[in-house]
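The values are calculated or read from the model by the stated rules, or taken from the named source; none is laboratory data. Keep in mind that what you see is a predicted model, and the values were worked out from it rather than measured. Cβ coordinates were reconstructed from backbone atoms using ideal geometry, including for glycine residues, and neighbour counts include every protein chain displayed. Ligands, DNA and RNA are excluded from the accessible area calculation, which covers all protein heavy atoms including side chains. Shrake-Rupley method; radii C 1.70, N 1.55, O 1.52, S 1.80 Å.
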Amino acid sequence: MTPANYGSVFSCCLFGSLMMLYLYVFCRSKRFILRNGTFVIYLAVGVVTIRMLLPWNFHFAANVESHKILPFLFNLLRVKILSVEFLTILVIIFCFGSCLRLALYFYKLVRYRHLLHQLDPLDDIRILRIFSDILEEYHCTKQILIYQVPGLSSPAISGLIHPVILLPDREYSDQDLRFIFMHELNHYLHNDLWKIFFWELVVCIYWWNPLSYMIRRLIKDTAEYANDIRLTKDRDELTRTNYMLSLLNTSKQTHTFHTLPTLHFQEGTILNIEKRCDLINDSPKIRRNLFSQFIHIGSISLLFTLSLCFIFQPSSPAPNYDNDGTVIFDKPDSSNSFYIKRKDGKGYDLYVKHEDAFINTGIIENPEDYKSPKIYSSKKEATKFYENIK
């Protein structure tokens, strides 16, 4: 692969945004999950994550030249503000914003972990006994601590490497505790926190793209839908009903730490809770449609393949040549040419744009011949406004 350039980054953002839009439009409905399951969503999000983190120009990619749209766009972006191209300013802003978002995110992770270390692990015998039974039921040997966090409104699990379960400072019935521990432990066993973490990196880098925030919400919702289905699809109707009641007992509150890799027993808005209850109620009726899965996976794979194989690049029209091979330039005007006064005082050097550079086309004695181009006293002065002067 070759280093990223404007064309490869533009193509990455374009195809990545198309894939994210596809996910947001087709994959967030209850009907989609009932027909295709959540695997399709996770697979598609994984593909988008890989693409958005690799904006390079691969050596096998074919350049697709754009002669009108991209040159027009890049010419607008190359307007100079205080001798600096607007495109350069945008790149600096985007890079600075990404670095700042990444730094703040990892600072929050460290700060969050520090706050947990200031708390003492829960020592309630009843709660620990119920949790021990759940760990044994799931054959989990990982040491997982439980903390009671003042001000937390919903049970949650956190910790990418050293998982911890967070409980609000309130009373729970034995049944509610069992469902909560089963729910949070399933999140950990299926690596849901890592899925959210990797997409959070995409959000930090592409903080300017609103679709990235929508997909973050979709991933969290999908993690809850998948978890609810795993826990209830083989249960009897009474167990499913009790699970939904436990879920509704915490649905009046909203959670905190929403920007950190945490997953809550009650996640999202009341509309999400209603959809989760609908999926729990319909979980025994789920029938996977292989043809539908093939269509959606194929569509995302096609977009991914196109994004790797084709790079859109701006291209200027090919120059015209006369019979002896000399380049025929367009008529000089203010948009494609300028004068530089000669040091010997014998006229002016006329520079005309050819592809991406300005070329000295000869000496003009009378600048009145072409009234539009600007006149500069030296080449140094001209370089403040134009690049690639040959």
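Residues Arg288, Arg276 ordered from highest to lowest accessible area at a 1.4 Å probe: Arg288, Arg276.
The GluC sites (Glu not before Pro) found in region 139-235 that occupy coil by DSSP, while having at most 10 further C-beta atoms within 10 Å, are Glu171. Note on surface exposure: Lys68, Lys220 rank Lys68, Lys220 by accessible area, highest first, 1.4 Å probe.
Using θ = phi - 60° in the Karplus curve 6.51 cos²θ - 1.76 cosθ + 1.60, the 3J(HN,Hα) couplings for region 89-95 round to 4, 4, 4, 4, 4, 4, 5 Hz; x is entered for Gly and Pro. Here the simple spin-label model places points 7 Å from the Cα toward Cβ, and for Ser173 and Ile50 these points are separated by 4.7 nm. Across region 34-85, Cα-Cα pairs farther apart than 16 Å form 70% of the total. Volume per residue for region 1-56 equals 60 cubic angstrom (convex hull of Cα atoms). Excluding ligands and nucleic acids, what accessible area in Å² is computed for Trp194 using a 1.4 Å probe, to the nearest 10? Approximately 90 Å² for this residue. For the pair Lys374 and Phe86 in one chain, pulling the backbone fully straight at 0.36 nm per residue adds 101.6 nm over the alpha carbon distance.
Remark on Asn63: its backbone amide H falls under 5 Å from those of Ile311, a criterion applied only to residues 5 or more positions apart or on other chains, H modelled at 1.01 Å from N. Between the beta carbons of Arg288 and Gln143, assuming R0 = 25 Å, the FRET efficiency works out to 0.10 to the nearest 0.05.
Here the 3J(HN,Hα) profile of region 204-215, calculated from phi with Karplus coefficients 6.51, -1.76 and 1.60 at θ = phi - 60°, is 5, 6, 9, 5, 8, 9, x, 5, 5, 6, 5, 5 Hz, Gly and Pro shown as x.
Restriction of the trypsin sites (Lys or Arg not before Pro) in region 139-201 to DSSP coil positions whose beta-carbon has at most 12 other beta-carbons within 10 angstrom yields Lys142, Arg170.
Using R0 = 35 Å, the C-beta based FRET efficiency linking Arg235 and Phe106 works out to 0.35.
Rg/Rh for region 89-145 (Cα atoms only, Rh after Kirkwood) is 1.32.
For Asn5, the residues 5 or more places off, or on other chains, whose built amide H falls under 5 Å of its own are Asn57. For Lys374, the residues whose modelled amide H falls within less than 5 Å of its own, excluding neighbours fewer than 5 places apart on the same chain, are Tyr339.
Three principal axis extents of region 47-115 based on alpha-carbon atoms, in descending order, are 56, 38, 17 Å. Take the Cβ atoms of Val79 and Leu18, set R0 to 25 Å, and the FRET efficiency comes out at 0.35. For region 1-155, with all protein chains in place and a probe radius of 1.4 Å, 68% of the accessible heavy-atom surface sits on carbon or sulfur. Taking all Cα pairs closer than 8 Å and separated by 6 or more residues, the relative contact order of region 93-234 comes to 24 percent.
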